[in-house]
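A short write-up of the structure that comes next.
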Amino acid sequence: MFKKVLIANRGEIALRVHRACKELGISTVAVHSTADEDAMHVHLADESVCIGPPQAAQSYLNIPAIVAACEITGANAVHPGYGFLSENARFAEIIAEHSMTFIGPTADHIRLMGDKIAAKKAVSDAGIPVVPGSDGGITDDAEAIRVAREIGCPVLIKAAAGGGGRGMKVAQTEADISLALSSARTEAKAAFGDDAVYLEKFLGQPRHIEVQVIADSQGNVVHLGERDCSLQRRHQKVLEEAPSPALSAEQRSEIGAIVTKAVSTLGYLGVGTVEFLFEDGKFYFIEMNTRLQVEHPITEMVTGLDLVKEQIRVAAGEPLGYNQNDITFNGHAIECRINAEHPRTFAPSPGTIVDFHVPGGLGVRLDSAAYAGYKIPPHYDSLIGKLIISADDREACLARLERALSEFVISGINTTIPLFSELLQAQDFRDGNYDIHWLERFIETQQDES
Ligand code: ADP
């Protein structure tokens, strides 16, 4: 097992990784920008190193500074968290070149899944159903129109290097394709420095359902069930739940088995998430994330496994020590992403937190690095905490969520807490009856009413 792990991240996830390390008897090194000197992960880690100014490009994305911090502190492994360098294949290689372990999959798998065209082909060859679309990249209008005729409009043009919902354009009819193609390429070039795009069928009312997997270096792979992440705003997840209210136990084990087999064929190592759109009882692959997900805690609550500890153990070469039959799913879990944003306009709300009173009690977990008096820097994303609720079933989970939200007090800044209380009043949400477009319509109605 590793003696010392450097956590190349900030915020709640840096703290999450620190907690797992401590329970495994591993000492921790925090890295931070000058804007994060007072951050909780810096206070709690055994050691900390300042790696640069506030701008992420010069600190949390600064590979030479992070490698230097590893060398100064003698860390033997690096945990990248999510975001920042977590899906940077070159970073994983550099860590290995410096005789340290990158806690994640191999650089080759990160690279493969980072190219969504190549990823789609690889998983399809491994038996995973994909969204109908172009076989590879699309460069000219004629080719795009030919594929669109084959699969039928509307279609979606997506960036091969895509992430965060950027570089995606819908063409409702054939006449819209030319413009969608050129604007997707321009946006992809600007966002990712790569204008490669591909085309797929635009699904009208899908749910976003993703399957969590974990694999060890001996070739053992298990799936840990699914998460329903259909409640999204601008293609960003807002609330996630496990299990999905839309899946039967048979559908769960069916897709779980397909994913497990494919991940095993690909020789994958570590934790990973295979994301699907689910419509009319059918799954369609959209991408694989080769890292820990923001929403991993709901899987922890229903499986009883500590995913970060598992991730560290398999990175250290330990076998899983259990197989699929040992995994059981108990109860229901929901995660609300609490952002420092206005609950109606979603305008970012950096500033100083005055009161910070968190809910508690059975089945209430808060993953957050915030505290009373904490000054939220304006330089990073607006996530300030994840409220994770678990209970015996969905009904009890919703009641507990409502109770927990009513106890939660954060003052001094705006937060999205009120949005979740409003969501609980919506019958469709209570019934589990929603698709990926539902939340945006709900937010519009709320905005019209106020
Ligand atoms: P990114 O990597 O940018 O997050 P994804 O491929 O994971 O892109 O898709 C993000 C979101 O975009 C999905 O959760 C879904 O809401 C929407 N989306 C992606 N592909 C399609 C599609 N073919 N049809 C309809 N919506 C889609």
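Please treat every number below as a calculation from the coordinates, not as lab data. Model, not experiment: these values are computed from the prediction. As a convention, Cβ positions derive from the backbone with ideal geometry for all residues, glycine included, and neighbour counts pool all protein chains shown.
Between Ser217 and Glu174, the distance separating the two model label sites (each 7 Å from Cα on the Cα→Cβ line) works out to 5.5 nm.
Mind sorting His379, His208, His43, His332 by how few other Cβ atoms lie within 10 Å of their own Cβ, fewest first? Can you show the working numbers first?
Working: His379 16, His208 21, His43 13, His332 24.
So the residues, fewest neighbours to most, are His43, His379, His208, His332.
Across the range 115-130, computed HN-Hα scalar couplings (Karplus, 6.51 cos²θ - 1.76 cosθ + 1.60, θ = phi - 60°) run 9, 5, 5, 5, 4, 4, 5, 5, 6, 5, 4, 8, x, 8, x, 10 Hz from first to last residue, x flagging Gly and Pro.
Structure shown: which of Lys22/Lys375; Lys4/Lys116; Lys120/Lys375; Lys169/Lys237; Lys189/Lys386; Lys4/Lys189 lie over 30 Å apart, alpha-carbon to alpha-carbon? Before the final figure, lay out the partial values.
Details: Lys22/Lys375 26 Å; Lys4/Lys116 34 Å; Lys120/Lys375 42 Å; Lys169/Lys237 19 Å; Lys189/Lys386 32 Å; Lys4/Lys189 39 Å.
The pairs that break the limit, which is 30 Å between Cα atoms, are Lys4/Lys116; Lys120/Lys375; Lys189/Lys386; Lys4/Lys189.
For Gly270, the residues whose modelled amide H falls within less than 5 Å of its own, excluding neighbours fewer than 5 places apart on the same chain, are Ala215, Asp216. Each residue of the chain gets 138 Å³ once the volume of the Cα convex hull is shared out per residue. If you run the Gaussian network model on the chain, springs between alpha carbon atoms under 10 Å, then out of Gly162, Gly74, Gly321 the most flexible one is Gly321.
I need to check one value: relative contact order of the range 4-94, counting alpha carbon pairs closer than 8 Å and at least 6 residues apart, in percent.
Working: 160 pairs, mean separation 30.3, N = 91.
Reported as a whole number, the value is 33 percent.
What list of ³J(HN,Hα) couplings, whole Hz, do you get for the range 211-220 from phi and the Karplus terms 6.51, -1.76, 1.60, once you set θ to phi - 60° and write x for glycine and proline? So the Karplus estimates, Gly and Pro as x, are 10, 8, 10, 9, 10, 9, 7, 8, x, 7 Hz. Of Ala262, Ala142, Ala96, which is the most mobile in a GNM of the chain whose springs link Cα atoms less than 10 angstrom apart? Among Ala262, Ala142, Ala96, the largest mean-square fluctuation in the Gaussian network model of the chain belongs to Ala142. Once backbone amide H atoms are built at 1.01 Å from N, Phe202 has Val155, Leu156 as its partners under 5 Å, excluding neighbours fewer than 5 places away on the same chain. Taking Gly385, Gly167, Gly361 in turn, the Gaussian network model of the chain (Cα-Cα springs below 10 Å) assigns the largest fluctuation to Gly361.
Ordering Pro297, Val213, Gly270 by Cα displacement along the dipole of the range 207-449 toward the positive end leaves Gly270 in first place; charges were set at the Cβ atoms of Lys, Arg (+1) and Asp, Glu (-1).
Applying the Karplus relation 6.51 cos²θ - 1.76 cosθ + 1.60 with θ = phi - 60° to the range 141-152 yields 3J(HN,Hα) values of 4, 4, 5, 4, 5, 4, 5, 4, 5, 5, 9, x Hz, where x marks Gly and Pro. Based on C-alpha pairs under 8 angstrom that are at least 6 apart in sequence, the range 164-221 has a relative contact order of 23 percent.
Suppose only helical runs count, i.e. DSSP H with n ≥ 4. What mean residue ellipticity at 222 nm does that imply for the chain under -39500 (n - 2.57) per run, divided by all residues and rounded to the nearest 500 deg cm²/dmol? Present the calculation step by step, with values, prior to reporting the outcome.
Details: 15 runs with 156 residues, N = 450.
Calculated at 222 nm, the ellipticity per residue is -10500 deg cm²/dmol.
Each of Val170, Ala180, Phe192 was placed along the dipole of the range 157-198 (beta-carbon charges, centred on the mean Cα), and the one lying farthest toward the positive end is Phe192. Extension gain, Asp135 to Asp194, is 19.4 nm, computed as 0.36 nm per intervening residue step minus the present C-alpha separation.
Residues whose amide H lies under 5 Å from that of Gly385, counting only those 5 or more places away or on a different chain, are Ile338; hydrogens are built 1.01 Å from N in the peptide plane.
Between the range 68-90 and the range 272-351, what's the alpha-carbon centroid distance in Å? Comparing the Cα centres of the range 68-90 and the range 272-351, I get a distance of 21 Å.
Structural descriptor for the chain: relative contact order 14 percent, calculated from alpha carbon pairs under 8 angstrom and at least 6 residues apart.
Placing dummy labels 7 Å off each Cα toward the beta-carbon, the span from Asp392 to Ser248 is 2.5 nm. When Thr273, Thr290 are sorted by how many other C-beta atoms sit within 10 angstrom of their C-beta, beginning with the fewest, the order is Thr273, Thr290.
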